[in-house]
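Everything on this sheet refers to the single structure shown next.
The values are calculated or read from the model by the stated rules, or taken from the named source; none is laboratory data. What you are looking at is a predicted structure, and each value in this text was computed from that prediction instead of being measured. All Cβ positions, even for glycine, are placed from backbone atoms using ideal geometry, and neighbour counts span all protein chains on display. Protein only, heavy atoms only, side chains kept; ligands, DNA and RNA dropped before computing areas. Shrake-Rupley method; radii C 1.70, N 1.55, O 1.52, S 1.80 Å.
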Amino acid sequence: MDLHLLVDGRRKVASLEEALRDAIAAGRLAAGTRLPPSRTLATDLGIARNSVAEVYARLVAEGRLEARVGAGTWVADRPSAGPATTAPVHRSTRFDLDLRGGLPDGSAFPRTAWARATARALSGASAAALGYSTPEGAAALRVALADYLARARGVVASADDVVVTHGFGELLALAARAVAARGGRRIAVEGYGHVSHRDLLVASGLEPVPLPVDDDGAVVEGLAGASVDAVLLTPAHQFPIGVPLSGARRAAVARWAEQTGGLVVEDDYDGEFRYDRRAIGAMQALAPGHVVYGGTASKSLSPALGLGWGVVPPAWRDDLLAQRRRSGAATDAIAQLALAALIESGDYDRTVRTLRLRYRARRERFEELMTEGAPGSRVVGLAAGIHCLLELPDGVAEHDVSEAAATRGLRVDGLGAYAATPDLVDARPAAMVVGYGAPPAHRFEEALAVVVEAIRVAARRAPGRSSA
Ligand SMILES: Cc1ncc(COP(=O)(O)O)c(C=O)c1O
């Protein structure tokens, strides 16, 4: 390992000691960082090995380093001496558990299957496949996705229609920029959704126009009068309220798109995870010429992969690809080939089935615990996905629950955090968006116990109440 240490040539030993002490205090050498063997560092610096060993020994004695015979020397976990020069992290900003809507359980990632798929993909990849990729993505993955999406989500797709992106976020940005490049100005969005998606639309040159959301999903009847050029929807499972877009409204969206030439962006972020009956198919099949269908591996595998995909109507494909070329973005080709291998082997389907059972059991347990522990609360929406909306008992405020949870190290946001405009904040009953998929299995019960406790604490603050 290489160390960047400024050592004064005239007083090498003393300045080595100072440099190590400073680097540890400033955090440049983080806890756990291994130091080179004293013999190697001595050779590099041109000083006696014993001198380096003595410097190490002094820093060990001070608690800055740790050493074990045979295991080497490394930076101690908590340097116990010397002034701390890094700013302390504020307690409330450090969440030990994060139950924001949409986060998957990282511990569920199918490591063995992914490693196997990567090995298979690498051994089969041509030299050309390991060069710069085309903006639409690796052919093998586009073929595998077209087949998978048709089979599992009812999407009308050929491999030529598929574009691989850096998650759904990039697909949305490409579609928005393509609409803006054709002169579009406004895009309808669901009144509740990800603030990051709305920000991304604004950054792409479009003005988001919120549609109300009721128990049948987004109120799309207003699309015709809203003077919008496009609409972004989560038809299978409205995010974060959790209801599906009704059949009549799906048909209305398809009619609007056909009549006006408007573009529909379908965010199918968790369509594979439906627990009560067969999944609702993609809306794209109703109007394949007008819908950009988007999917992601962020829920089914991991956001760390940064893999998403779009099925893009032929009339928009070149526009989106032109935006992609202009952005300079490219998706990791090896990860694309690995995902293709994972799908082809059946391991992707197996992973989704395993996760479906796991998340379904979690959702059932969540409902059970909330009924027992937080009477008056109500789980809303489809038995689907990895989050749900939990309406709070009468009088309990979202921010009180978030605050009580935060003091216990858990992040959970109220529905208001997802509202597109302030007037929506009070339009629905107070509710928390709970990502029950997020905690690792061994901390799931603990996380839900914190949610229950936070609701009880908040209930004590509710007007006219003394306990939950
Ligand atoms: C509503 C919604 N859409 C899409 C995504 C996936 O986005 P990406 O593929 O960019 O990770 C998420 C992830 O949290 C989401 O909640």
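Between amide H atoms placed 1.01 Å from N, distances below 5 Å from Arg274 occur with Gly385, all of them 5 or more places distant or on a separate chain. Relative contact order, whole percent, for the range 110-345 stands at 29, derived from Cα pairs under 8 Å and 6 or more residues apart. Rounded to whole numbers, the Karplus 3J(HN,Hα) couplings from phi for the range 33-41 are 5, 7, 9, x, x, 4, 4, 5, 5 Hz, using 6.51 cos²θ - 1.76 cosθ + 1.60 with θ = phi - 60°, and x at Gly and Pro. Using only the alpha-carbon atoms, how far is helix 444-461 inclined from the longest principal axis of the chain? Give it as 0 to 90 degrees, nearest 10. Helix 444-461 and the main axis of the chain meet at about 70 degrees. Between amide H atoms placed 1.01 Å from N, distances below 5 Å from Ala188 occur with Val209, Asp229, Ala230, Val231, Leu232, all of them 5 or more places distant or on a separate chain. Each distinct pair of alpha carbons in the range 393-436 adds a 1/r term; the inverse of their mean, the Kirkwood radius, is 10.9 Å. Projecting the Cα atoms of Val69, Ile47, Leu59 onto the charge dipole of the range 12-75 (Cβ charges, centred on the Cα centre) puts Val69 farthest toward the positive pole.
Seen from Arg249, the other residues with C-beta closer than 14 Å to its C-beta sum to a net charge of -4, counting Lys and Arg as +1 and Asp and Glu as -1. The Cα trace of the range 145-284 gives Rg and Dmax of 14.4, 43 Å, the first to one decimal, the second as a whole number. Relative to its residue count, the range 110-345 spans a Cα convex hull of 114 Å³ per residue.
Could you calculate, for the chain, the ratio of the Cα radius of gyration to the Kirkwood radius, expressed as Rg to Rh? Intermediate results must be reported in sequence, preceding the final value.
Values: Rg = 26.6 Å, Rh = 25.1 Å.
Result for the chain is an Rg/Rh of 1.06.
What is the dipole size for the chain, taken about its Cα centre, with +1 at each Lys and Arg Cβ and -1 at each Asp and Glu Cβ, in debye to the nearest 20? Spell out each step's value before the answer.
Details: 54 positive and 54 negative charges, 241 e Å.
Dipole magnitude for the chain comes out near 1160 debye.
Once the Cα atoms are used to define both axes, helix 12-25 deviates from the longest principal axis of the chain by about 30 degrees.
Look at where the Cα atoms of the range 93-124 and of the range 327-398 average out, and the two centres are 14 Å apart. For the chain, the relative contact order comes to 18 percent (Cα pairs under 8 Å, sequence separation of at least 6).
Each peptide in 379-385, 335-341 was scored by the mean count of other Cβ atoms within 10 Å over its residues; highest first, the order is 335-341, 379-385.
Quick one: length gained pulling Ala322 to Glu207 fully straight, 0.36 nm per residue minus the C-alpha distance?
On the way: separation 115, 0.36 × 115 = 41.40 nm, distance 2.16 nm.
Additional length available on full extension: 39.2 nm.
Per residue, the chain exposes 45 Å² of accessible surface when a 1.4 Å probe is rolled over the protein heavy atoms with every protein chain present. Rounded to the nearest 500, the 222 nm mean residue ellipticity of the chain from helices alone is -12500 deg cm²/dmol, with -39,500 (n - 2.57) taken per DSSP H run of at least 4 residues.
Tell me the Kirkwood hydrodynamic radius of the range 12-75 in angstroms, computed as one over the mean inverse distance between distinct C-alpha pairs. Working shown, then result.
Numbers: mean 1/r = 0.0857 Å⁻¹.
By the Kirkwood definition, the hydrodynamic radius is 11.7 Å.
At a 10 angstrom cut-off on C-beta neighbours, averaged per residue, how do the peptides 360-373, 115-128 rank from highest to lowest?
Numbers: 360-373: 15.9, 115-128: 13.7.
Top to bottom by mean Cβ count within 10 Å: 360-373, 115-128.
Count charges around Tyr148 for me, please; just the other residues with Cβ under 14 Å from its Cβ, Lys/Arg as +1, Asp/Glu as -1.
On the way: positive: Arg142, Arg151, Arg153, Arg350, Arg353; negative: Asp147, Asp161, Asp268, Glu272, Glu344, Asp347, Asp349.
My count for the surroundings of Tyr148 gives -2.
Summing +1 for each Lys or Arg and -1 for each Asp or Glu among the other residues whose beta-carbon sits under 14 angstrom from that of Arg120 gives -1.
Taking the Cα centre of the range 12-75 as origin and charging only Cβ (+1 Lys, Arg; -1 Asp, Glu), how large is the dipole, in debye to the nearest 20? Show your work: numbers first, answer last.
Numbers: 9 positive and 7 negative charges, 34 e Å.
In total the dipole reaches around 160 debye.
Across the range 303-310, rounded Karplus estimates of 3J(HN,Hα) from the backbone phi angles (6.51 cos²θ - 1.76 cosθ + 1.60, θ = phi - 60°) give x, 5, 6, x, 10, x, 8, x Hz, Gly and Pro being marked x. Sequentially through the range 61-73, phi angles give Karplus couplings (6.51, -1.76, 1.60; θ = phi - 60°) of 4, 7, x, 7, 10, 10, 8, 9, 4, x, 9, x, 10 Hz, Gly and Pro residues having no value and appearing as x.
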